[in-house]
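What follows is a set of notes on a single structure, which appears directly below.
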Amino acid sequence: MSVKERKIPAPTVYPETQVYWEAAVQGKLMIKRCAACGEYHHYPRSICPFCFSDKTEWREAAGKGEIYTYSVMRRLEIPYAIAYVTLEEGVSMMTNIVDCDLDTIRIGQKVRVVFRPSDGGPPVPMFAPI
Amino acid sequence: MSIKGKAYIAGVYEHPIRRADDKSIPQLHAEVAKGVLADAGLSKNDVDGYFCASDAPGLGPINMVDYLGLKVRHVDSTDIGGSSYVMHVGHAAEAIAAGKCNVALITLAGRPKADGMATGTAPRIFGLTPDLPFEFPFGPVTVNMYGMAAMRHMHQYGTTSEQLAWIRVAASHHAQHNPHAVMRDVVTVEEVVNSPMISDPLHRLDCCVISDGGGAIIVTRPEIAKSLKRPLVKVLGAGEAPKGQMGGKLDLTTTAAAWSGPAAFEEAGVKPADIQYASIYDSFTITVLLQLEDLGFCKKGEGGKFVSDGNLISGVGKLPFNTDGGGLCNNHPSNRGGLTKVVEAVRQLRNEAHPKVQVKNCALALAHGTGGSIGTRHGGATLIMERE
Ligand SMILES: [Zn+2]
């Protein structure tokens, strides 16, 4: 059975977050850590949203986390699960949960990152149950 | 400086239209402006302050002041989504207290219904925001964002779909008495939870209506309000707050009301238990539940129990809410429900609500709005008003 896939709109690549999308092409999930206060943050910024230091550094995330929350959209032609995943590094990111039966998704479920192609842009990080 | 007692709400108006195929958005703004001036007993030339948000086309006040033929010395088009107009009342009171204007006009209008807008299921983009690339690819739309907040609340606190449904049930009990309401049928908990699932766990009847129209508010100096023939509604306190994802340290079970509410209560010098009527933003049932907790009407996590068994129904429960039927049943003009929240609160304080839903001797009321998306970033605005 062929499953119809939702077309993923391409993310706009800003200079501030170009490294993030270049790494995505390599299959790596990057997050920002502040050298001044030690906190990770997401979405990535050049200036730390916690202490306002400009000493923020890119780090490769372990790519593992758990589902903080999700919602399966049932009213569009192709149902999909939007979610926030809390990474092992402590920050939560918006994503989709893929490679599973949408009706089996649960909050607290362990997931790992998988990159999916976007429509004419870099691949985007989604998550699949471990 | 406080705005307590420095300004009065002298006029309110809700457009009776719910579908405006043959009217433009500016025209609707003009009609609600005309309507509110008639309600207050003022004329266009009395207006010296104008407030609007991004539902007004073009550069907001620049286009609208010209179109309406106003001559004003103070304008404000701060936009925090559907809660903007609740906040504008506070901003108008500030401007009046500072001597920047005497009669402030606030207008809202839109026609998403006539334009066939897929309000709940279409993506919304507000320019090249920094968050856009990290969210847009994943299909965030209005309803699944609120769905994620509801899922988390259910997970953390055991809230059920049946409890959320009670919010719709209460709104429908009120809407049956409102001849202008889009949906006037009284519904049951079963009907809500058996309506089609849109995005887990929100059913169709957990969502507000889509409607055209608008509304307007007039805020004046105390002396002007007292010279008019309308019941006196005094602004006691206001609070506003934006809330976002906090750098990734997410908490989707708390809204900006947790910050704007206490600020408004402190300025007003009253407590949640003193409030006799509350207009609570109801884009979705979950929106109401979160705000009731954050405003202090019940403890965090106990909203489900609080709204059950008709506790929000006027004449039945402890906290009558949205007695016009709210956004869930009556009206959500321009996909922005904040202005009509203030309108119904003022009707209650003036003893002008429908007799079947009028709160007896209503002297203290609250209106709260949530604009934007509780799943990502939103603004909260709280307003406390007193009948003098
Ligand atoms: Zn820092």
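Coordinate-derived values only; no laboratory data. Here the structure is a predicted model, which means the values were calculated and not measured. So basically every Cβ, Gly included, is an ideal-geometry build from the backbone, and we count neighbours across all protein chains shown.
Relative to the first principal axis of the alpha-carbon coordinates of chain B, what is the inclination of helix B:257-268, with its axis defined by its Cα atoms, in degrees from 0 to 90 and to the nearest 10? That works out to roughly 40 degrees.
Of B:K113/B:K271; B:K234/B:K360; B:K6/B:K113; B:K229/B:K318; B:K34/B:K226, which sit over 27 Å apart, Cα to Cα? In this structure, B:K113/B:K271; B:K6/B:K113; B:K229/B:K318 exceed 27 Å between Cα atoms. To the nearest ten degrees, helix B:25-40 and the longest principal axis of the Cα atoms of chain B are 60 degrees apart. With R₀ fixed at 45 Å, the C-beta to C-beta distance from A:S46 to B:A38 puts the FRET efficiency at about 0.30.
For segment B:304-348 versus segment B:155-179, the inter-centroid distance based on Cα atoms is 10 Å. Among A:T104, B:T107, the ranking by other beta carbons within 10 Å of each residue's beta carbon, starting with the fewest, stands as A:T104, B:T107. Enumerate cysteines in chain A without a disulfide-compatible partner, where compatibility requires another Cys Cβ under 4.7 angstrom. For chain A, the answer is A:C100, because their Cβ atoms have no other cysteine Cβ under 4.7 Å. Secondary structure note: in chain B, about 75% of the DSSP beta bridges are antiparallel.
With contacts taken as Cα pairs under 8 Å at a separation of at least 6 residues, chain A carries a relative contact order of 25 percent.
Subtracting the Cα-Cα distance of B:E388 and B:M117 from 0.36 nm times their residue separation leaves 93.4 nm of extension gain. Could you please report the charge total around B:P196, scoring K, R as +1 and D, E as -1 over all other residues with beta-carbon less than 13 angstrom from its beta-carbon? Local net charge: 0. Counting lysine pairs in chain A whose alpha carbons fall under 19 angstrom apart, excluding pairs fewer than 8 residues apart on the same chain, gives 5.
Across segment B:270-287, coupling constants 3J(HN,Hα) worked out from phi with the 6.51/-1.76/1.60 Karplus curve, θ = phi - 60°, read 10, 10, x, 5, 7, 6, 9, 8, 10, 8, 10, 3, 10, 4, 9, 4, 4, 4 Hz, and Gly and Pro carry x. Within the shell of other residues whose beta carbon sits under 9 angstrom from the beta carbon of A:H41, the net charge comes to +3, with Lys and Arg scored +1 and Asp and Glu -1. Once the Cβ-Cβ distance of B:A98 and A:E5 is raised to the sixth power relative to R0 = 45 Å, the FRET efficiency obtained is 0.20.
The local environment of A:Q109, defined by Cβ-Cβ distances under 15 Å, has a net charge of -1 under the rule Lys, Arg +1 and Asp, Glu -1. The Kirkwood hydrodynamic radius of chain B, based on inverse pair distances between different Cα atoms, is 20.4 Å. Across segment B:41-105, Cα pairs under 8 Å and at least six residues apart give a relative contact order of 43 percent. Shape class for segment B:78-217: oblate, because the ratio a/c of the largest to smallest gyration tensor axis (alpha-carbon atoms, square roots of eigenvalues) is 1.5 or more and b/c is at least a/b. Of the beta bridges in segment A:60-130, as assigned by DSSP with both residues counted there, near 95 percent are antiparallel. If you model segment A:15-129 as an ellipsoid using its alpha carbon gyration tensor, with each semi-axis the square root of five times an eigenvalue, the axes come out at 27, 16, 12 Å, biggest first. For the residues of B:140-149, the average number of beta carbons from a partner chain within 10 Å of their own beta carbon is 5.
By definition, a body whose alpha carbon gyration tensor gives a ≥ b ≥ c is oblate when a/c is 1.5 or more and a/b is not larger than b/c, and segment B:135-215 fits this oblate description.
So if I take the centroid of the Cα atoms in segment B:1-71 and the same for segment B:193-236, what is the distance between those two points in Å? Spelled out, the Cα-based centre of one part sits 15 Å from the other.
Counting neighbouring beta carbons within 10 Å and listing from fewest to most, the residues B:D66, B:D79, B:D200 come out as B:D66, B:D79, B:D200.
Protection proxy ranking, highest mean first, for peptides B:300-307, B:370-377: B:370-377, B:300-307, where packing is the per-residue count of other beta-carbon atoms within 10 Å, averaged. As a proxy for reagent exposure, A:Y80, B:Y85 were ordered by neighbouring Cβ count within 10 angstrom, fewest first; the result is A:Y80, B:Y85. Where only DSSP H runs of four or more residues are counted, chain B gives -9000 deg cm²/dmol as its mean residue ellipticity at 222 nm, each run worth -39500 (n - 2.57).
Principal-axis analysis of the Cα atoms of chain B puts helix B:161-175 at an angle of about 30° to the longest axis.
The sum of -39500 (n - 2.57) across all DSSP H runs of n ≥ 4, divided by the residue count of chain A, sets its helix-only mean residue ellipticity at 222 nm to -1500 deg cm²/dmol. For chain B, the relative contact order works out to 26 percent when only alpha carbon pairs closer than 8 Å and six or more residues apart are counted.
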